[in-house]
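Here is the structure we will look at.
We did not get these values from a lab; they are worked out from the coordinates using the rules stated. Note that the structure is predicted; figures quoted are calculated from it, not measured. So basically every Cβ, Gly included, is an ideal-geometry build from the backbone, and we count neighbours across all protein chains shown.
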Amino acid sequence: MHKRLFIPGPVDVAEDVLQKMATPMIGHRTKDASDLQRSICEKLGQLMYTKNQILLSTSSGSGVMEGAVRSCTRKRAAVFSVGAFGNRWYEMAVCNNVPADKFESAWGEPTTPEMVEEALATGKYDLITVTHNETSTGIMNPVAEIAEVVKKYPDVVFCLDTVSSLGGAKIPVDEWGVDICIASTQKCLGLPAGMAVFSFSEKAKKAAEQVEFRGLYFDLLEISKYSDKKDHQYPSTPSLEHMFALDYQLSKMLEEGLDNRFDRHLAMAKEVREWAKKNFDMLADEKYASNTLTTVKNTKGISVADLNKELGKRGFMISNGYGDLKEKTFRIAHMAETQMEDIKEVLGQIEDILGL
C-alpha cells in the first residue's frame, strides 16, 4: 500500500508529472536538450523573481550548497544555522578547507538581522550562508530583514538555502539581493529527488574567479561558463528525465498562479499550526514558523514512532523529530501538491488514533 507522504521530502508526485519522466530519451548535447533546459531556466526565473542566470545540477541540493561555499569564499564564510541543514553547510566548508565560522541559533529560534549585522560588521567575512526554511525545526527565517543588513556589505556574497521552500513561499531573489539561491526538486517543486536548481549572480561569478581551487563537478563558475558557451548545456551528463518533468511541472505551477500557490501553502500551514496549538504546541514561535512544514512539540509524551506505525496502516506517513528532537517533536509537511483536504484528513487520522 502506498503511504501518502506528509514528510519533509520526498513528496507525493502527481501522476501526470511522474509520467513525464517516462518521456523517450533525446541526446543531451542536442538542440532539443538546449531548448528544454532553456525553457526550465526561463520558468525558474519567474519562480525566483530574478534576472540572474539560472543553472541546473544533476545532484541533491547539498551538492550545490557545497559548491557555493567552496567556489565563492575568498577569505572567510559566515554560516548561520537554525538547525541540521545550516550545520551541514558549516561541515561542508570545514571539509573543503574553506575558512568559516558558525553562528548557531538555539533550535527553534531564528537567525536575526542583529546576528548578521554583528558578524558582518567585523569585516572578516566575504560570504554568508543563510537557511530560508529549516525542516528540522520548522523555522522560516526573516530573510527580507536579513537581506537589508547584507545589502550594506556589497562585497559579501549572499547564499540562500531554499531547498524546502522554493515553490511553496515567495522568494524574491533580486529584491533580497541573493547571489546564489539553491533548491532541489523533491520538496515544494513536487518532483522526485535527484536534481538541484540555483541562481548565480554576476557578483558571485566575479568572486569565484578569485578562488583558485573550486573543485570540479561542483565548480559553479565552470557550470556557468559552460552553459553560456554551449547554450544551456552542462559539463556533466544531465538527468533529462527530471528535466522533462520539471519543465512540465513548472508550467503547471505558473498556471496555478504563483500567488495562489503560495497562499495555498500558507493556508495549510495555518491549519496545522492551529491544530498543533490546540492539541500540543509548536516548536517555533509562530512569527518564524515555516509555511511548508510544522514541527510540533510532543507535549503529551506520545510515542511518535507508534503513532506513525498506526498511521502507516491507514496509508499515511508523517515524520518524527530530527536528531536530538526525535520523539520530542514530530513534523507534518504541507508542501507541493498537497491540498487542504489532505491536511484535514491526516490531522483527523491522528486525532482518531490518539483519541484527541
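Side notes on the structure shown:
- Beta bridge orientation in the chain: antiparallel %, DSSP, nearest 5: 50 percent
- If only the Cβ of Lys and Arg carry +1 and only the Cβ of Asp and Glu carry -1, the dipole of the chain around its Cα centre is close to 500 debye.
- Cα-based shape type of the range 169-224, given that a ≥ b ≥ c are square roots of the gyration tensor eigenvalues and the cut on a/c is 1.5: oblate
- Working note: Cα gyration tensor of the range 4-89, eigenvalues times five, square-rooted, sorted largest first, giving semi-axes of 29, 21, 13 Å.
- The chain, helix-only ellipticity at 222 nm - DSSP H runs n ≥ 4, -39,500 (n - 2.57), divided by all residues, nearest 500: -13000 deg cm²/dmol
- Listed residues His28, Cys181, Ile171: farthest to the positive end of the dipole of the range 15-254 (Cβ charges): His28
- Overall form of the chain: oblate. Here a/c, set by the Cα gyration tensor axes a ≥ b ≥ c, is 1.5 or more, and a/b is not larger than b/c.
- The smallest convex shape that holds all Cα atoms of the range 185-302, its convex hull, gives 188 Å³ per residue.
- Relative to the Cα centre, the charge distribution of the range 188-320, modelled as +1 at Lys and Arg Cβ and -1 at Asp and Glu Cβ, gives a dipole magnitude of about 460 debye.
- Coordinate range along principal axes, alpha carbons of the range 103-235, Å, largest first: 43, 37, 25
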